[in-house]
Structures are given as structure tokens and as C-alpha cells.
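The values are calculated or read from the model by the stated rules, or taken from the named source; none is laboratory data. The structure presented is a predicted model; accordingly, all values stated were derived computationally and were not measured. Cβ sites come from the backbone with ideal geometry, for glycine too, and all protein chains shown count toward neighbours. In case anyone asks, the SASA skips ligands and DNA or RNA and just uses the protein heavy atoms, side chains included. Shrake-Rupley method; radii C 1.70, N 1.55, O 1.52, S 1.80 Å.
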Amino acid sequence: MELAPAAHRPLSLHPGRTLGPMRTPLLFLASLLSPFWLQAQIDGDNIFSIDQVISVNLDFPQADFWTQLQDNYDADLNEYIVAHLTLTDVSGTHAIDSVGVRLKGNSSYSHPGTKKSFKIDFNKYISGQNYDGLKKLDFSNGFKDPSCMREKLFFDVCREANVPAPRASFAEVTFNGVPWGFYTVVEQIDDQFL
């Protein structure tokens, strides 16, 4: 038995079985579109999919919230305090109750004034709570980087070179309605990232 040239043989997944003439173009079309489906399902796209400056307001019910944040940091407790978050990004404005907030950083903590790096944990007080599939976000204060661009540019270059790196964006942050500063928002490196 003589076989037809490879270019004229039907696509076969199993010997003796072939895909019909309509299935081959459908599989080809599905393979072309699948990267778009995968991209549309990535957690955190509302914050990280495009370059934007998101708006973040944290409302703390405690009058002495700043003292509590600093005391927890100074005691090396990594303890969070509760806050109500209002976040505005490309998808709209979202109110999220009972998120955890704590200060973070080593050298960045010595930034003069009150603009300290911090972390938000959506899941800290309400189990399973997240924003756009993310459990945590890190906010970097741009210590010794007046442009606030170094961290984002580095992560973007890494990702372009197929080196695993977190995504980054920017945020204008207020605490209890008081402007707190311009921050780099960085994706948390955790089990979701890995």
C-alpha cells in the first residue's frame, strides 16, 4: 500500500483514525485563539494588564492607626491592622471591607516622613476574600528612586526576556482621605505567582 505524500494525508492522532476535513481547521483556529483565552484569565489583570495609576484609599477605624502600624513594625510582629479599602482601576471603583494592612521593608522603612512601604492582605480577616483573584498586594515607596520607575522597569524588562518576575503598576494612595503618596504596586510573590 502506497501512502499519500505527508502534505495530503489527513491529520491523525491515532494510527488508523483521522480527523475529518472540518475538524482540522477548527483545531487550528482553536490553537490560534487559545493564548487569548489564557491571557484573559490571569489573576490581577485589572491592576496589571495596562499601564495605569490606580487610586487606593485605606480607611482605618482606629484613630491611632499610624502608631499601631509603626509599633507592629518596630516590634517585628508582622501583624496587620484592619482597614476598609476603596480601589479604583481600569474596571471601576471597588469597596472591599476588612482588609489587613501592615508596614514592610528594610532600607525603605528609613524613608523620611510617613511614606513607608506597606502590604495589603485581602484575605486576612475574611477568609477567601480577594481582589481580581489576588490575595495580597505590595506597595513600594520608591526609596532612593525619585522617579519611582526603577522597580517597574526592571520587572517589565525581566518579563519581556521571559524571566519570571512580578508585575507592577502605580498607585496614588490616601489614608483616611489624606494624600499619602505615589507608590509602585507590586504583585505578591506567593503560591499564586509561582
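Excluding ligands, DNA and RNA, what is the solvent-accessible area per residue of region 46-122 at a probe of 1.4 Å, expressed in Å²?
Using a 1.4 Å probe on heavy atoms only, each residue of region 46-122 averages 46 Å².
At 1.4 Å probe size, what's the solvent-accessible area of Arg102? Round to the nearest 10 Å².
Spelled out: Arg102, probe radius 1.4 Å, area about 40 Å².
Skipping prolines and chain starts, which residues have an amide H placed within reach, meaning under 5 Å, of the one on Leu134, given they are 5 or more residues away or on another chain?
Gly44
What percentage of the solvent-accessible surface of region 108-189, computed with a 1.4 Å probe over protein heavy atoms, is contributed by carbon and sulfur atoms?
So the carbon and sulfur contribution to the accessible surface is 58 percent.
Counting Lys +1, Arg +1, Asp -1, Glu -1, what net charge surrounds Phe65 among other residues with beta carbon under 14 Å of its beta carbon?
-2
Quick check on region 111-156: take the gyration tensor over C-alpha atoms, sort the square-rooted eigenvalues as a ≥ b ≥ c, and tell me if it's rounded (a/c under 1.5), prolate or oblate.
Oblate is the answer for region 111-156, as a/c is 1.5 or above yet b/c matches or exceeds a/b.
Using a basic spin-label model with each label point 7 Å from the Cα along Cα→Cβ, how many nm lie between Val163 and Glu79?
3.9 nm
Would you mind calculating the gained length between Ala95 and Cys148 on full extension (0.36 nm times residue separation, minus the Cα-Cα distance), in nm to one decimal?
16.4 nm
What are the ³J(HN,Hα) couplings of region 45-56, residue after residue, when phi is run through the Karplus curve with 6.51, -1.76, 1.60 and θ = phi - 60°? Round to Hz, x for glycine and proline.
Working through the residues one at a time gives 4, 4, 9, 10, 6, 9, 6, 7, 10, 7, 10, 10 Hz.
What order do Thr67, Thr93 take when sorted by accessible area (1.4 Å probe), most exposed first?
Largest accessible area first, the list is Thr93, Thr67.
Just to confirm, what accessible area per residue do you get for region 144-194 at 1.4 Å probe, in whole Å²?
58 Å²
Please list, in chain and number order, the residues 5+ apart from Lys124 or on another chain whose amide H is under 5 Å from its amide H, with Hs placed from the backbone.
Residues meeting the amide H criterion: Gly100.
What distance in nm lies between label points placed 7 Å from Cα along the C-beta direction at Asn106 and Thr174?
Placing both labels 7 Å beyond Cα along the Cβ direction yields 3.5 nm.
Please list the non-local residues whose amide H lies under 5 Å from the amide H of Trp180, H modeled 1.01 Å from N, same-chain partners needing a gap of 5 or more.
Answer set, sorted by chain and number: Val173, Thr174, Phe175.
³J(HN,Hα) across region 92-101 via Karplus (A = 6.51, B = -1.76, C = 1.60, θ = phi - 60°), whole Hz, x for Gly/Pro?
Values per residue, Gly and Pro as x: x, 9, 10, 9, 10, 8, 6, 8, x, 10 Hz.
Using only alpha carbon pairs under 8 Å that are at least six residues apart, calculate the relative contact order of region 134-181 and give it in whole percent.
The value is 22 percent.
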